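Only one structure is covered here, and it is reproduced in the block below.
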Amino acid sequence: MIKIVTIIGARPQIIKAAALSRAIKNHFSNKIQELIVHTGQHYDENMSQVFIDELGIPQPNYNLNVGSGGHAKQTAEMIIGIENILAKEKPDYIVLYGDTNSTLAGAIAASKIHIPIVHIEAGLRSFNKSMPEEINRIMCDHSSTLLFSPTTTGLNNLISEGFNPNTKRPYTPDKPGIFHCGDVMYDNSLYFKNISDNSSTIIEDNYLEKGNFILSTIHRDNNTDDPRRLNSIFSSLNEIATNNQTDIVIPLHPRTSKLLEVNLDKQLLLEIKANSHIKLIPPVSFLDMIALESNCSLVMTDSGGVQKEAYYFNKPCIILRSETEWVEIVEMGAAIIANADRNLITSSYNKLKTKSNQTFPSIFGDGKAAEFICSTMLDM
């Protein structure tokens, strides 16, 4: 039996980890022992514990309780805590997800004491190094032993950076194995869709009409911390909701909720709060998020994960960033990059709402990515 240490810290990692934990429980329980370390990067219960409870993830074996703070302080405290756990547990692998400070800390701690790193969501690139996430994912990829990419684009990014797709076992950090395995989030969306249909009441609770509302999420710091960008985005949301008499539901990330009061123009903030078609709601659970994504007409987001999930559920998407890691959905015509440009956001909405021949080919795997990852770890 092999032992793995899984690092989670932010909400998306908790959700992605559910797929691997479920695969281990259902197919590899006599071959893989999983220990879960929660860094505490997302410490708000609505952004963390609710997902652990709802998705059936085993309770973390360790919680570092790092909390908020500057990048350096937060990452440094994580490195210390993770290194101590790795030294104690001596796992065969550390499993890291995505591109957060928890990912970076896990990669640094493990690489220094020669614990093989498994990176899930490897190869994703925005080609924008002003994003902390871009630095995190690059550094994690280049210290990993096994790299699992959800898309062919991600795999090709790794190859262009010098990774050899023909490397044979045994894999090492100097001779890593790279794999196109599909997306663990697609695994989750398929698995939890029926559960969401039978348990979520968020559509009814917010008096939404199925197929006739917009879902929007805004949380990235370059949008929330920049008053010009934040005002442009919310001005466009206000305009679209008013001119089209269309409900827009916005689950508010805690930082967004706080910064609306600070960075949004006071008159615009009053208009947003008074607009009956704009529904500002607290963060939602994963099952509620699936209900919103699968029942909306269109998604507007700066979240990479929500972009993908919109595609899973055949929903067009307006990307509120200047770039995306998920270039495939743009190439398919299912998404438009509108940045924080008010005119481009509104024109993109008008274009997508009238597009009747949109198709959503399967590009994110077969729903068994987590099983492939487990099998590959065992075969190394």
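Between Gln49 and Asp174, the contour length at 0.36 nm per residue exceeds the alpha carbon distance by 41.3 nm. Here the alpha carbons of region 1-152 define both size measures, Rg and Dmax, at 14.3, 44 Å. Amide hydrogen proximity for Thr172: with H placed 1.01 Å from N in the peptide plane, the residues at 5 or more positions away or on another chain lying under 5 Å are Gly177. For region 312-380, the alpha-carbon coordinates run over 52, 26, 15 Å along the three principal axes, in decreasing order. Computed over neighbours whose Cβ is under 15 Å from that of Tyr311, the net charge equals -3, Lys and Arg +1, Asp and Glu -1.
Between Asp205 and Lys266, take the C-beta separation as r, use R0 = 30 Å, and let me know the FRET efficiency to the nearest 0.05. After rounding, the FRET efficiency stands at 0.55. Once Rg and the Kirkwood radius are both taken over the C-alpha atoms of region 200-353, their ratio Rg/Rh works out to 0.92. Across the chain, counting alpha-carbon atoms alone, Rg and Dmax equal 20.4, 62 Å. Charge dipole (Cα centre; +1 on Lys/Arg Cβ, -1 on Asp/Glu Cβ; no other charges) of region 1-76 amounts to roughly 340 debye.
Region 151-281 has equivalent-ellipsoid semi-axes of 40, 22, 12 Å, by the square roots of 5 times the alpha carbon gyration tensor eigenvalues, sorted largest first. For the chain, the residue among Cys296, Met139, Ala72 whose Cα projects farthest onto the positive side of the dipole built from Cβ charges is Met139. Determine the shape class of region 68-200: with a ≥ b ≥ c the square roots of the Cα gyration tensor eigenvalues, call it rounded for a/c under 1.5, and otherwise prolate if a/b is greater than b/c, oblate otherwise. Since a/c stays below 1.5, the shape of region 68-200 is classed as rounded. Computed 3J(HN,Hα) for region 234-247, one whole-Hz value per residue from the Karplus formula 6.51 cos²θ - 1.76 cosθ + 1.60 where θ = phi - 60°, is 6, 5, 5, 4, 4, 5, 5, 4, 6, 5, 9, 6, 10, 6, glycine and proline marked x. The slack between Lys90 and Asn164, meaning 0.36 nm per residue of separation minus the straight C-alpha distance, is 23.8 nm. Work out the charge dipole of region 200-353 with +1 on the Cβ of Lys and Arg and -1 on the Cβ of Asp and Glu about the Cα centre, then indicate which of Gly305, Pro283, Ile250 is farthest towards its positive end. My answer, from the dipole projection, is Ile250. Computed from point charges on the beta carbon alone (+1 for Lys and Arg, -1 for Asp and Glu), the dipole magnitude for region 200-353 about its Cα centre is near 240 Debye. Which of rounded, prolate, oblate describes region 122-191, given a ≥ b ≥ c as roots of the alpha-carbon gyration tensor eigenvalues and a/c under 1.5 marking rounded, otherwise prolate only if a/b is larger than b/c? In terms of gyration-tensor shape, oblate.
Of the cross-linked pairs Lys25/Lys353; Lys16/Lys353; Lys88/Lys308; Lys112/Lys193; Lys25/Lys73; Lys258/Lys355, which ones have a Cα-Cα span greater than 32 Å in the structure shown? The pairs that break the limit, which is 32 Å between Cα atoms, are Lys25/Lys353; Lys88/Lys308; Lys112/Lys193; Lys25/Lys73; Lys258/Lys355. Charges were assigned to the Cβ only: +1 to each Lys and Arg, -1 to each Asp and Glu. The resulting dipole of the chain about its Cα centre is roughly 420 debye.
Ordering Leu104, Leu344, Asn198 by the projection of their Cα atoms onto the charge dipole of the chain, which places +1 on the Cβ of Lys and Arg and -1 on the Cβ of Asp and Glu, puts Leu104 at the extreme positive end. When Rg and Dmax are taken over the Cα atoms of region 155-195, they come to 14.8, 43 Å. The simple spin-label model puts a point 7 Å past each Cα toward its Cβ; for Arg255 and Asn194 those points are separated by 3.8 nm. Mind listing the long-range amide H neighbours of Cys296? Cut-off is under 5 Å, sequence gap 5 or more, other chains count too, H placed in the peptide plane at 1.01 Å from N. Amide H neighbours of Cys296, under 5 Å, 5+ apart: Gly211. With R₀ set to 22 Å, the beta-carbon distance separating Asp366 from Met332 gives a calculated FRET efficiency near 0.75.
In the chain, helical runs assigned H by DSSP with n ≥ 4 each contribute -39500 (n - 2.57); averaged across all residues and rounded to the nearest 500, the mean residue ellipticity at 222 nm is -14500 deg cm²/dmol.
Using 11 Å as the cut-off for backbone N distance, which residues of region 223-261 belong to the label zone defined by a point 7 Å from the Cα of Asn275 along Cα→Cβ? The answer is 232-250.
Bear in mind that the values in this text are calculations on the coordinates, not laboratory data. From a predicted model like this one, the values you see are computed outputs, not experimental measurements. Glycine also receives a Cβ, built like all others from the backbone with ideal geometry; neighbour counts cover every protein chain displayed.
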